[in-house]
1. Looking at (1) surrounded by fewer than 16 Cβ atoms within 10 Å (Cβ to Cβ); (2) under 16 Å from S128 (Cβ atoms), which is the one condition that is false for L45?
2. Could you please give the count of residues in region 115-139 that are basic (K, R) and either modelled with pLDDT under 95 or buried (at least 18 other Cβ atoms within 10 Å of the Cβ) (or both)?
3. Yes or no: L168 out of contact with any His (no Cβ under 7 Å at 6 or more places or on another chain) and exposed (fewer than 15 other Cβ atoms within 10 Å of the Cβ)?
4. Do you know which residues across region 96-130 are under 12 Å from the mean Cα position of the chain (by Cα) and either within 16 Å of the ligand (Cβ to nearest atom) or among the hydrophobic types (A, V, I, L, M, F, W, C) (or both)?
5. Would you say G157 is in contact with a Phe, Trp or Tyr (Cβ under 9 Å, 6 or more places away or on another chain) and away from the ligand (no atom under 16 Å from the Cβ)?
6. Kindly check whether there is at least one residue in region 71-84 that is assigned to a helix (DSSP H, G or I) and in contact with a Lys or Arg (Cβ under 7 Å, 6 or more places away or on another chain).
7. Residue by residue through region 1-39, note down the ones that are of a type outside the set (A, V, I, L, M), outside any helix (DSSP H, G or I) and farther than 20 Å from G169 by Cβ.
8. Would you pick out the residues in region 56-92 that are more than 13 Å from the chain's Cα centre (by Cα), buried (at least 19 other Cβ atoms within 10 Å of the Cβ) and within 14 Å of C40 (Cα to Cα)?
Amino acid sequence: MKILALLGSPRKGGNTEVLLNSVLQGVKAAGGEVELVNLCELNILPCINCGGCDETGSCVLEDEMTPLYNKLIAADRVILAAPIYFYGVPAQAKAFIDRVQALWNYKRLLQLEGDWQDDPQRKGFLVSVAATHGKRVFEGAILTMKYACDGIGIAYGGEFVVRGIEGLGEMVKADEEMEKAVAAGKGFMA
Ligand SMILES: Cc1cc2nc3c(=O)[nH]c(=O)nc-3n(C[C@H](O)[C@H](O)[C@H](O)COP(=O)(O)O)c2cc1C
């Protein structure tokens, strides 16, 4: 299975990256072929709602998002890992998600021709960390990822999220959660 893992945390070696690596350990143990892309190292312009993709299903902006479209279409699993910033995902991850609008239109145009069917076997997952223990702290990011999955044409498969992790180096010390992350990664492959 092809797994596209997208890191949407700008903090190098940060909690999200550490957590994602544990999840990917589980994914690989379950036979997943992982391609890891760091969204924060790419030049991904924000969507400008020009309407271009409404007509063509492809984005008029040519940047480092362009090669990601085919990777998204080919992936069996898409894992987005992003920390919580103000109850949502960081701007770098959000720029990527907004550009999924072109895929949403690609899918819509193919559907009009009867040439597209969502494949429920292809799934997307969210991995996230937040500093607080707020009951609703992941709701915004989960809804955003659910709708991104709809745009990509894949099912939303769930999330692995950890509360109460803030400073650099805190995630790696949370042994129990790190073990659960490996198990969650294996679960993502089911
Ligand atoms: C700009 C910014 C906004 C944040 N907003 C929230 C928030 O709304 N809720 C929360 O629980 N934590 C918030 N945090 C804390 C981060 O989610 C937390 O420190 C996380 O562990 C960072 O992961 P990282 O090491 O991958 O950057 C915020 C951090 C930053 C820098």
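1. Only one criterion is unmet by L45, namely (2).
2. Counting residues in region 115-139 that are basic (K, R) and either modelled with pLDDT under 95 or buried (at least 18 other Cβ atoms within 10 Å of the Cβ) (or both) gives 2.
3. Yes: the conditions hold for L168.
4. Correct list: F96, I97, V100, F125, L126, V127, S128.
5. Spelling it out, G157 is indeed in contact with a Phe, Trp or Tyr (Cβ under 9 Å, 6 or more places away or on another chain) and away from the ligand (no atom under 16 Å from the Cβ).
6. There is at least one residue in region 71-84 that is assigned to a helix (DSSP H, G or I) and in contact with a Lys or Arg (Cβ under 7 Å, 6 or more places away or on another chain).
7. Start the filter on region 1-39 by keeping residues that are of a type outside the set (A, V, I, L, M), which leaves 2, 8-17, 21-22, 25-26, 28, 31-33, 35, 38.
Within this subset, residues satisfying the condition of being outside any helix (DSSP H, G or I) are 2, 8-14, 31-33, 35, 38.
Correct list: K2, G31, G32, E33, E35.
8. Correct list: M65 only.
The values are calculated or read from the model by the stated rules, or taken from the named source; none is laboratory data. Just so it is clear, the model here is predicted, and its values are computed rather than measured. Heads up, the Cβs are rebuilt from the backbone with ideal geometry, glycines too, and the neighbour counts pull from every protein chain shown.
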